[in-house]
There are 4 protein chains.
Amino acid sequence: MENTAGRRVKNRVIQMDSVVMVMHERPELRAPVLIEGLPGVGNVGKLAAEHLVEQVKAVKFADIYSKHFPPQVLLDDDGVIRLVNNEMHYYRGEGERPDIIILTGDYQGMTPDGQYELSHHAVQTCKDLGVSRIYTLGGYGVGKMIEKPRVLGAVTDISLCEEMGKHGVVFSKGEPGSGIVGASGLMLGLGKMEGIEAVCLMGETSGYFVDPKGAEAVLKVLMSLLNLELDLTALTDKAEQIDLIASKLKEADTAEAPKREDLGYIG
Amino acid sequence: MENTAGRRVKNRVIQMDSVVMVMHERPELRAPVLIEGLPGVGNVGKLAAEHLVEQVKAVKFADIYSKHFPPQVLLDDDGVIRLVNNEMHYYRGEGERPDIIILTGDYQGMTPDGQYELSHHAVQTCKDLGVSRIYTLGGYGVGKMIEKPRVLGAVTDISLCEEMGKHGVVFSKGEPGSGIVGASGLMLGLGKMEGIEAVCLMGETSGYFVDPKGAEAVLKVLMSLLNLELDLTALTDKAEQIDLIASKLKEADTAEAPKREDLGYIG
Amino acid sequence: MENTAGRRVKNRVIQMDSVVMVMHERPELRAPVLIEGLPGVGNVGKLAAEHLVEQVKAVKFADIYSKHFPPQVLLDDDGVIRLVNNEMHYYRGEGERPDIIILTGDYQGMTPDGQYELSHHAVQTCKDLGVSRIYTLGGYGVGKMIEKPRVLGAVTDISLCEEMGKHGVVFSKGEPGSGIVGASGLMLGLGKMEGIEAVCLMGETSGYFVDPKGAEAVLKVLMSLLNLELDLTALTDKAEQIDLIASKLKEADTAEAPKREDLGYIG
Amino acid sequence: MENTAGRRVKNRVIQMDSVVMVMHERPELRAPVLIEGLPGVGNVGKLAAEHLVEQVKAVKFADIYSKHFPPQVLLDDDGVIRLVNNEMHYYRGEGERPDIIILTGDYQGMTPDGQYELSHHAVQTCKDLGVSRIYTLGGYGVGKMIEKPRVLGAVTDISLCEEMGKHGVVFSKGEPGSGIVGASGLMLGLGKMEGIEAVCLMGETSGYFVDPKGAEAVLKVLMSLLNLELDLTALTDKAEQIDLIASKLKEADTAEAPKREDLGYIG
């Protein structure tokens, strides 16, 4: 069955880019603020960012695909697929509200290399779109249930601490002790290299559950910072459900503590 | 023995491409349909694609080699080697039957990165050869023996659901819940990005064995879709053998259940 | 201590090539034969190749370095380091003896990707130097002590089988069943793609020890193939020592069988 | 919410370089000596290099970032982040003291590939800055507490042994037996390829603790080699504390021996 007699044609296919961004529209925005919320500890950042997209009816303008995500498609209820991705949405602020870009998605990069590539891409896109400040959202895992989660901060420049403090952000020496790992950290580090000021907002969370309460805390800070009015009812409801489940599990004494090391990660 | 006195010559060898395709012949086809069947759950896709190649006497026209495959050669009975690969075959349809390209092979890419590279290459080749539609074949592992396997579907566009339904494809909300991983998923996702419509056909399978029954189910759908007449006797025979082995194992009660996570993968 | 006032200078350093070959001399050879012997099962290939280098007093003409080797330097007795590498030596044949290039070294590539890169580099260098045939040497692990190791063969073209058979090479259907993994396999596979005929010679070995007896068997075939006269005393002596150790271990019944999977690898 | 009607804009972002060096200043130095001390066994190299930076009040002139480091930012006491990095500092020698560049940092490359990339970058930068000799500092793990740590040496050329011996460096046949792994080894190997002479100084250490005593021993050799006067009090104090802890642990008999294999690594 071997067919080696024929002439050999080498077809050269250009290798897939490490990160592929498809922009459906290129929004003209006024020095927008970028808010990143991707999966991580307690999914705090992702929950907050997705709630924000819904509440301000932000418009998706870009899909980001990458070899650094799992090789996977997801199905909707009709059986229509979409490749796993990250997405960018924009919201045009009115009055004193700034324009906002929101970056959220299914996954973070699966390898250190992939993390750098994706955050580099996001920061370069920030430059391209004239982003004036980056907020990254994450969870800070403390390994126990939290009644009133604080929102811890990290910044690219000390001049930002005072402003953040006014909006309820806590700066606590030695917290988090191991620094910030993943997109929420890298976008600060790479943003700083590019001269974009950036702040990481970390909602305290047990780290045991998906945590809407941590997301709520983070969003309250954002509302204050950005003059936004958001309806947080949906998150509050979910938080109450989680609390209920948690207390039942406590009764049953079946809640196995996850390994400490898992809690250090901040998405 | 060190010889450092001589002049130093640096010979620059161009790095090996990530994916190397050798076309023995470049077939001119009329808007062909591409059918992908690579190793995966129950080897359903690979069994079906290889049976199709045999039945329609498809002609191999391309070998695909890659650094993302294992560094391995296989031996035939005479001791002649061939490098592990994927292959493309074509079949010229007559009458109402479309022209078909069949992609099958020894392995899928061994890493997420490799999976993306290989599927990207395959989809770009589809564009190059004027492919009008992609069918990817896979198994859907359900973790128990199946008497009458359904063929589940996933599509790049909702408009395809009705057509597929007429040929017996089932769309079932929440199945498969974790999406589709590997080439069968990625070729849909990347095909969609390139504007090529694509369908994944997943034959139900226990996931415990190589499963000719799942392959048979998938091929019956393809026969209906593509106006093909195929002799499925060989698959039916193999399926009966497997059933026999399975029932003996059940008697002996030695059939250890594989881990649930292994069943989620769809080739 | 931060110094950000100064101007920023980006120094662009070209990335290290995947494989770096330093040729100390470019030998002009008459259609040489290349013999590869790198670490693998029983170290059969490496032992044989290094013995050959010594016996024919081959001259080193190239060092091969790579990111795919471990990040390691080795020390000689004086504390002088050398970066781990592969090496090429040449021997000018006289009379009916062909010119020979011998490729040996400390390591094979540590990843599948690295294996492909290094074998690709070696085969491209073969083309560059006019190599007429490649012999790769390896061990075939059989999981038990072998009195008289056979030398199994694998070839790029069936026309080579007869010639090999005359020199004692055995072609045995289904052996090795899992094909050939690593450089000894890839150089056949990639050589075939480039139109260079190639043969793999696999000396049977238990796979439990470094095995000079397997190396001896392989070298006897090479002596016959290439009209070489080699003194194998040193290998025979080592083989006797190993046999002695093995029989003592057997007595002590402490010889734990390695896992079967380890034996399938052929260097 | 899908917005596919709009035109598609592909924004091409250039991929992040494997290693990014930001020079704040380009120092003009007279054939400087480079001293490398990065994390490794007992953190001997890093401790010594950082102590040297402090003592000679060396000036930071470059930050090195890389995809081969963890995707992590660290926080100072105010909550200001910095991306994990390596750094270069310079010191202008007076009188008989040479100019010195000191390379230290948070991490070594996380993969073999990354190790090669980073050491390649460092050696190319050495060439660029006219470095006349490289000293790499590391620990040599011996698996037991050491009263008077020796400083073992490894060199790129035998001509360096005599000079090193005069300054107390020990060359001991077969130590370290497994060679030198990581930056301290690679910078010798790659430096040799570029014609830069290089020496690795390895302070003996148990490998169980961060070891200021090993660092002290290494620095004493450097003081002799480079005509430096350094105050080692801080290291001596830390060493005494570690000794105290070690002896208490010994009493408590809770000091579990680390695996032998961990001790072979030399940073």
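The values are calculated or read from the model by the stated rules, or taken from the named source; none is laboratory data. Everything quoted here is computed from the prediction, not taken from an experiment. Quick reminder, even Gly has a Cβ in these numbers, built from the backbone with ideal geometry, and neighbours come from all protein chains shown. These area figures cover heavy atoms from the full protein model, side chains too; ligands, DNA and RNA do not enter into them. Shrake-Rupley method; radii C 1.70, N 1.55, O 1.52, S 1.80 Å.
List of remarks:
- Among the residues of the range C:159-186, those with an accessible-area drop of 50 Å² or more from chain alone to full protein complex, heavy atoms and 1.4 Å probe, are C:Lys173.
- Spin-label model, C:Glu25/B:Lys57: points 7 Å from Cα along the beta carbon direction are separated by 6.0 nm.
- Computed accessible area, D:Leu232, all protein chains, 1.4 angstrom probe, square angstrom: 20
- Across the copies of the chain, D:Gly177 has label points (7 Å from Cα along Cα→Cβ) spaced 3.8, 3.8, 5.3 nm apart, shortest distance listed first.
- Nonlocal amide H pairs with B:Arg150, under 5 Å, H built at 1.01 Å: B:Glu204
- Violating pairs (Cα-Cα greater than 29 angstrom) within the set B:Lys46/B:Lys248; B:Lys57/B:Lys248; C:Lys144/D:Lys173; C:Lys46/C:Lys250; A:Lys57/A:Lys220; D:Lys67/D:Lys127: B:Lys57/B:Lys248; C:Lys144/D:Lys173
- Assigned charges on the beta-carbon of Lys, Arg, Asp, Glu; chain A dipole about Cα centre (debye): 740
- Among the residues of A:121-129, the average count of other protein chain beta-carbon atoms within 10 Å of the residue beta-carbon is 2.
- With the charge dipole of chain B set up from +1 on Lys and Arg Cβ and -1 on Asp and Glu Cβ about the Cα centre, the Cα lying farthest toward the positive end among the listed residues B:Val131, B:Val19, B:Val84 is that of B:Val19.
- Summed over both chains, the accessible area lost when C and B associate is about 3300 Å², using a 1.4 Å probe.
- The range A:213-253, accessible area per residue, ligands and nucleic acids excluded (1.4 Å, Å²): 57
- For chain C, average projected area of the Cα convex hull in nm²: 19.9
- Short to long, the 20 Å bins of the Cα pair-distance histogram for the protein assembly as shown hold 11, 35, 39, 15, 1 percent of all pairs.
- Calculated diffusion of the range A:1-119, Stokes-Einstein form, Kirkwood radius summed over Cα pairs, 10 °C and 1.306 mPa s, µm²/s: 95
- Protein accessible area in the protein assembly as shown, 1.4 Å probe - carbon and sulfur %: 49
- Fraction of alpha-carbon pairs over 21 Å apart in the range D:86-166 - percent: 49
- B:Arg82 accessible area, assembled protein chains, probe 1.4 Å, Å²: 90
- Considering only A:Asp237, A:Asp77, A:Asp106, the Gaussian network model of chain A with Cα springs below 10 Å gives its largest mean-square fluctuation to A:Asp77.
- Neighbour-limited loop hits for GluC sites (Glu not before Pro), the range C:202-249 (at most 10 other Cβ within 10 Å; DSSP other than H, G, I, E, B): C:Glu229
- Each listed q (0.13, 0.19, 0.21 Å⁻¹) maps to a log10 I(q)/I(0) for the range C:38-190, found by the Debye formula over equal Cα scatterers with no solvent: -0.68, -1.43, -1.64.
- The listed residues B:Glu25, C:Glu94, once ranked by accessible area (1.4 Å probe) with the largest placed first, stand as C:Glu94, B:Glu25.
- Copies compared at C:Arg92 - label distances in nm, ascending, label defined 7 Å from Cα in the Cβ direction: 5.7, 5.7, 8.1
- The alpha-carbon of B:Lys213 sits under 15 angstrom from the alpha-carbons of these aspartates and glutamates, leaving out residues fewer than 8 places away in its chain: B:Glu50, B:Glu147, B:Glu204, B:Asp231, B:Asp237, B:Glu240, B:Asp243.
- Angle in degrees between helix A:233-252 and the longest Cα principal axis of chain A, rounded to the nearest 10: 80
- Ranking D:Ser159, C:Ser224 by solvent-accessible area of protein heavy atoms (1.4 Å probe, all protein chains present), from largest to smallest, gives D:Ser159, C:Ser224.
- Legend: calculated FRET efficiency, D:Asp157 to D:Asp77, from the Cβ-Cβ distance at R0 = 41 Å, rounded to 0.05, equals 0.35.
- When only the Cβ of Lys, Arg, Asp and Glu is charged (+1, +1, -1, -1), the dipole of the protein assembly as shown relative to its Cα centre reaches about 1500 debye.
- A simple rule links phi to the HN-Hα coupling: the Karplus curve 6.51 cos²θ - 1.76 cosθ + 1.60 with θ = phi - 60°, which for the range C:225-230 gives 5, 10, 6, 9, 10, 10 Hz, with x for Gly and Pro.
- Residues along the range C:63-92 losing 50 Å² or more of accessible surface when the other protein chains are present rather than the chain by itself (probe 1.4 Å): C:Lys67, C:Pro71, C:Val73, C:Leu75, C:Asp77, C:Asp78, C:Val80, C:Ile81, C:Leu83
- In chain C, the DSSP-assigned H stretches of four residues or longer account for a calculated mean residue ellipticity at 222 nm of -10000 deg cm²/dmol, using -39500 (n - 2.57) per stretch and the full residue count as denominator.
- Convex hull volume of the Cα atoms of the range B:183-257, normalised per residue: 94 Å³.
- Solvent-accessible surface ranking, highest first, for C:Met21, C:Met193 at 1.4 angstrom: C:Met193, C:Met21
- The fraction of Cα-Cα pairs per 10 angstrom bin, counted from 0 for the range A:64-124, comes to 19, 40, 26, 14, 1 percent, rounded to whole percents.
- Coordinate range along principal axes, alpha carbons of the range D:208-251, Å, largest first: 41, 17, 11
- Net charge dipole size for the range B:28-85 [Lys, Arg +1 and Asp, Glu -1 on Cβ; Debye, nearest 20]: 220
- Teacher prompt: D:Gly195 distances to equivalent labels in other copies, 7 Å Cα→Cβ, nm: 4.0, 4.0, 5.6
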